[in-house]
Amino acid sequence: MLKINELFYSLQGETSYIGLPCIFIRLTGCNLRCKYCDTKYAYTEGKEYNLDKIISFVSRFQIKLVMITGGEPLLQKEVIPLIEELISIGYKVLIETNGSLPINILPEKAICIMDIKCPGSGMSEYMMWENIDYLKEKDEVKFVISDYNDYVWAKDILRKYELLKRCQVLFSPVFQKLDLRVLVEWILKDELFVRVQPQLHKFIWGEKRGV
């Protein structure tokens, strides 16, 4: 059984898969409390689902892209059998995780989207830095940036761990706090080969849930 906050079908608003139709599985529970969190409702709200019920929902759609997110999905160990089952029946599975828990438990074919928490989140001290050693070329690392201090810190981490040699790197501004154009100008000035990641779903629907 898994405690699920919501199941929905929408456009992928983040990652390098941005703009693609995607099925979302949002799990309940998170061990961090980021200052800018936009899914606080996922801290505790949810209902118990067995794997068959989750697969039944996913199977309603022809789309073969699934994002498992939270909260923090790796808090629930039953997420691993769910990932394995989805992969075995032909789905591409993205796992969005906050970087504070081991990612080496993920199945080989899963695609890890790992946050690296900047100081502006208030949670950077909880990063499990050894996770960087487990990243694969198909995985992605995301920095959510609140201000110029976060940006400079992210640049330092980028270089210290040579992240661009490991996988794709995403820089995302905190919605309605850091102007997207400002972040883009910093990146272009410094010639960083990172992907700018606006939260597309918020530009389309605002702060609405289930999209």
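Throughout, read-outs are computed from the coordinates displayed, never taken from laboratory work. It should be emphasised that the depicted structure is a prediction, and the values quoted were computed from it without experimental measurement. Note that each Cβ is placed from the backbone with ideal geometry, even for glycine, and that neighbours are counted across all protein chains shown.
Three semi-axes describe the equivalent ellipsoid of region 32-137; taken as square roots of 5 times the Cα gyration tensor eigenvalues and ordered largest first, they are 25, 17, 11 Å. With axes computed from alpha carbons, what is the tilt in degrees of helix 148-160 against the longest principal axis of the chain, rounded to the nearest 10 within 0 to 90? Computed tilt is about 80 degrees. Modelled this way, with points 7 Å down the Cα-to-C-beta line, the labels at Arg166 and Leu51 are 2.9 nm from one another.
Computed over the chain, the per-residue total of -39500 (n - 2.57) for DSSP H runs of n ≥ 4 gives a 222 nm mean residue ellipticity of -6500 deg cm²/dmol, rounded to 500. Enclosing the Cα atoms of region 111-211 in their convex hull gives a volume equal to 113 cubic angstrom per residue.
Using only the alpha carbons of the chain, what is the convex hull's orientation-averaged projected area in square nanometres? That works out to 10.6 nm². Return the subset of Lys77/Lys155; Lys138/Lys177; Lys40/Lys117; Lys3/Lys177 for which the Cα-Cα distance in this structure is over 27 Å, preserving the input order. Long pairs (Cα-Cα over 27 Å): Lys77/Lys155; Lys138/Lys177; Lys3/Lys177.
You can think of it this way: the chain between Ile87 and Tyr126 has 11.1 nm of extra reach, that is 0.36 nm per residue less the Cα-Cα gap.
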